Amino acid sequence: MGIRNEAKEKMGHAMDHFHEELKNIRTGRANPGLVENVPVEVYGTQMRLKELASINTPELRQILITPFDGKNTQAIGKAIELANLGINPIVDGNQIRLNIPAMDEALRKEMVKLVHKKLEECKVAIRNIRRELNDRVRKEKKDGELPEDQMKKAEHEIQEETDAFCKKADGVSVEKEKEIMTV
C-alpha cells in the first residue's frame, strides 16, 4: 500500500469518527443519531438502542422509537431518562415518543462550541496520523530503505492528504453549525 493510500485510509477513519461524534450533537430538529447509541439494559446485558428498536422522525421535532420486542419499552424509556439528554421520553403503548424542545440562543451557542471542540479533536487526530507517517518515512530514509527524493515526495503526499482532510472537516463543521443555528 502506498503512503498516500495509507494516509487516506487512516485519515478517513478519523473523519468517520468525526461524523459519528457530530450525530450526537443536538440541533433544532429531531435526529435519530441523538439516541441510537444510548445503552439499554435488557436480557441481562447492555445493548445500544438502535439494536433494540426502529428509530424514526415522523415530525420535525419528534423522535419515535418502536421496540422490536414490546417488553423492552419500559427499559428503553428508563435508559433514555438516564442518558441525560434533556428530553423526557413519553411511553405510549409499545412506542416511545421524544419531543425535542426548541433550543434557545444560549444552548445553540453551546452546541456550536461542542462542534468546534469535536472539529479540533478530529484535526489533532489527522495531524497525529501525519506525524506517525512522516516519522516512519524518515526512519526508512535513515535506515537506507528510501532515497531522499522519495522521502520528500512521500512527505509532500502526506501533507496534501492532511490539508485535504482538514479542509473537509472544516466544511462538515460549517454545515453542522448552520444546522444548529437554523431556527
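Some observations on this one:
- Candidate set: the range 120-146, residues that are more than 30 Å from LEU22 (Cβ to Cβ) and of a type in the set (A, V, I, L, M); chosen: the one surrounded by the most Cβ atoms within 10 Å (Cβ to Cβ): VAL137
- Against the criterion of being under 30 Å from THR57 (Cα atoms), touching a Leu at 6+ places or on another chain (Cβ under 8 Å), assigned to a loop (DSSP other than H, G, I, E, B) and assigned by TED's automatic domain parsing to the domain that holds PRO58, ILE76 does not qualify.
- Top-ranked residue in the range 147-165 [being buried (at least 17 other Cβ atoms within 10 Å of the Cβ) and of a type outside the set (Phe, Trp, Tyr); ranked as nearest to ALA106 (Cα to Cα)]: THR162
- Scanning the range 1-36 for residues that are among the hydrophobic types (A, V, I, L, M, F, W, C), modelled with pLDDT under 85 and not in a helix (DSSP H, G or I) yields MET1, ILE25, ALA30.
- Take the conditions (1) out of contact with any Leu (no Cβ under 6 Å at 6 or more places or on another chain); (2) buried (at least 20 other Cβ atoms within 10 Å of the Cβ); (3) farther than 30 Å from ASP170 by Cβ; (4) among the β-branched types (Val, Ile, Thr); ILE90 misses just one of them, which is (2).
- Sub-7 Å Cβ pairs linking a first residue in the range 77-105 that is over 20 Å from THR27 (Cβ atoms) to a second residue that is part of a loop (DSSP other than H, G, I, E, B) and among the aliphatic types (A, V, I, L, M), at least 6 apart or interchain, are ALA79/VAL38, ordered by first then second residue.
- Hits in the range 172-183 - residues which are surrounded by 15 or more Cβ atoms within 10 Å (Cβ to Cβ) and either modelled with pLDDT of 90 or more or not in a helix (DSSP H, G or I) (or both): VAL172, SER173, LYS176, GLU177
- Enumeration of residues in the range 118-164 that are touching a residue at least 24 places away in the same chain (Cβ under 8 Å) and in contact with a Leu (Cβ under 6 Å, 6 or more places away or on another chain): ILE158
- Test: residue in the range 51-68 that is modelled with pLDDT under 90 and in a helix (DSSP H, G or I): no
- Scanning the range 140-171 for residues that are over 16 Å from ALA7 (Cβ atoms), more than 32 Å from the chain's Cα centre (by Cα) and part of a helix (DSSP H, G or I) gives LYS141, LYS142, GLU148, ASP149.
- Any chance LEU119 is touching a helix residue (DSSP H, G or I) at 6+ places or on another chain (Cβ under 8 Å), hydrophobic (A, V, I, L, M, F, W, C) and not in a helix (DSSP H, G or I): no
The values are calculated or read from the model by the stated rules, or taken from the named source; none is laboratory data. Because the structure is predicted, anything quoted here is derived from the model rather than measured. Counting neighbours? That spans all protein chains shown, and the Cβs are built from the backbone with ideal geometry, glycine included.
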